[in-house]
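To start, the structure under review is shown below, and the notes come after it.
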Amino acid sequence: MKGRVIKSTGSWYSVQVGESVLSARLKGKFKQDELKLTNPIAVGDWVELAKEPNQETAVISEILPRENYVIRKSTRKQHFSHIIASNVDQAILVITMKSPRTSLGFIDRFLVSTESFRIPAILVVNKRDLMSGEKAEDWLLDIYEIYKPLGYQVMEVSAASDLDLKEKFEPILANKSTLISGHSGVGKSTLLNALVPEAKQHTQEISGFTAKGVHTTTFAELFALDNGGDLIDTPGIKEFGILDIEDQELSHYFPEMRAFLGKCKYNNCQHLNEPGCVVLEKLAEGYIHPYRYESYVNILNEEDDHR
Ligand SMILES: Nc1nc2c(ncn2[C@@H]2O[C@H](COP(=O)(O)OP(=O)(O)OP(=O)(O)O)[C@@H](O)[C@H]2O)c(=O)[nH]1
Ligand SMILES: [Mg+2]
Ligand SMILES: [Zn+2]
């Protein structure tokens, strides 16, 4: 039979098969592709499984081909990567100006990763209630100015107190599989609980000392929405290490650069300081935002460090 992995807690997986949820595990050697993964099976995966004789549990024999996935470098194991979730229709990145602060560089890394699979991404600015004054206005303005023209939807919420979250998100989430990601403490589980009250995900105050989240959610988990579709809550991530993207390829995942690719003088242009570079021209003309270009250069340099 066929099912979808809705939770993974190490060696046991919860697999949704029709109306029921089975506890399943992998047995024996498992064929993996060349990716070195800390998690061979990810939440969102469709798997082939069979009931174990005389038991309530099941054994997974195969992972069906993934339509897409969001992946990052493992922070614990070098040369390994971790699939955050697979087979998603879209991704919500929850961002906060403070408590904790989300950097533009972090947002851009995440977006490069979703762009590489053409997964639409939505930026949800949370903890709006904590933002006031000129600094907050400037920060928000930057977010809108940088990301809206690139085609990313931007929303503002206070997940802990807004009463209209269901109405606001329903049209966006209906009948889709949506990943929720972001730093620890930005309010991913708080938002999820507002949208799927039965989920009752544990949430926890951020550390007063570091103003950072305390990694409350430790496993990814998929929750069904009332009106079709599902939401995947995930553990907070500190850094988003980008994986397996060639230098030449990186600009393809910056939508504002995509339009100009192939127009530079040199066809192997990396848009750094080459003569006749159209990306640099567009940057000077203001078509490409300097912060985004900075992220591009940072990711390019970081990638080099790992070779
Ligand atoms: N002021 C304010 N606090 C919020 C808001 N949303 C969430 N919080 C608080 O932020 C803290 C962290 O929220 P969580 O939902 O646990 O954060 P998370 O993103 O799931 O964190 P991890 O599971 O560690 O990745 C909790 O104390 C929430 O009550 C909000 O809109 N405004
Ligand atoms: Mg959480
Ligand atoms: Zn160029």
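FYI, it's all coordinate maths here, none of it is from the lab. None of the values given here were measured: they were computed from a predicted structure. FYI the Cβ positions are ideal-geometry reconstructions off the backbone, even for glycines, and counts take in every protein chain you see.
Summary of computed values
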read-out: Principal axes of the range 142-278: Cα extent on each, largest first, Å; value: 57, 38, 28
read-out: Gyration tensor verdict on the range 89-172 (Cα atoms; rounded if a/c is under 1.5, prolate if a/b is larger than b/c, oblate otherwise); value: oblate
read-out: DSSP-defined beta bridges in the chain - what % are antiparallel, rounded to 5; value: 60
read-out: 0 to 90° range, to nearest 10: angle between helix 104-115 axis and the chain longest Cα axis; value: 60
read-out: Within the range 119-178, trypsin sites (Lys or Arg not before Pro) in DSSP loop having at most 16 other beta-carbon neighbours inside 10 Å; value: K176
read-out: Tail fraction, Cα-Cα pairs, the chain, threshold 26 Å, whole percent; value: 49
read-out: Per-selection Rg to Rh, the range 256-307 - Cα, Kirkwood hydrodynamic radius; value: 0.97
read-out: The range 2-63: mean projected area of Cα convex hull, nm²; value: 4.2
read-out: For peptides 234-242, 205-213, sequence by mean Cβ density within 10 Å, most packed first; value: 234-242, 205-213
read-out: Reachable lysines, given that their alpha-carbon falls under 26 Å from the alpha-carbon of K77 and they are not under 8 places away in the same chain; value: K7, K27, K29, K31, K36, K188, K212, K238
read-out: Charge sum, other residues only, whose C-beta stays under 14 Å from T57's C-beta, Lys/Arg counted +1 and Asp/Glu -1; value: +1
read-out: P(r) weight above 26 Å for the range 69-233, C-alpha pairs, percent; value: 24
read-out: Residues T217, T75, sorted so that the one with the fewest Cβ neighbours within 10 Å comes first; value: T75, T217
read-out: Degrees separating the helix 133-147 axis from the principal Cα axis of the chain, which is the longest one; value: 80
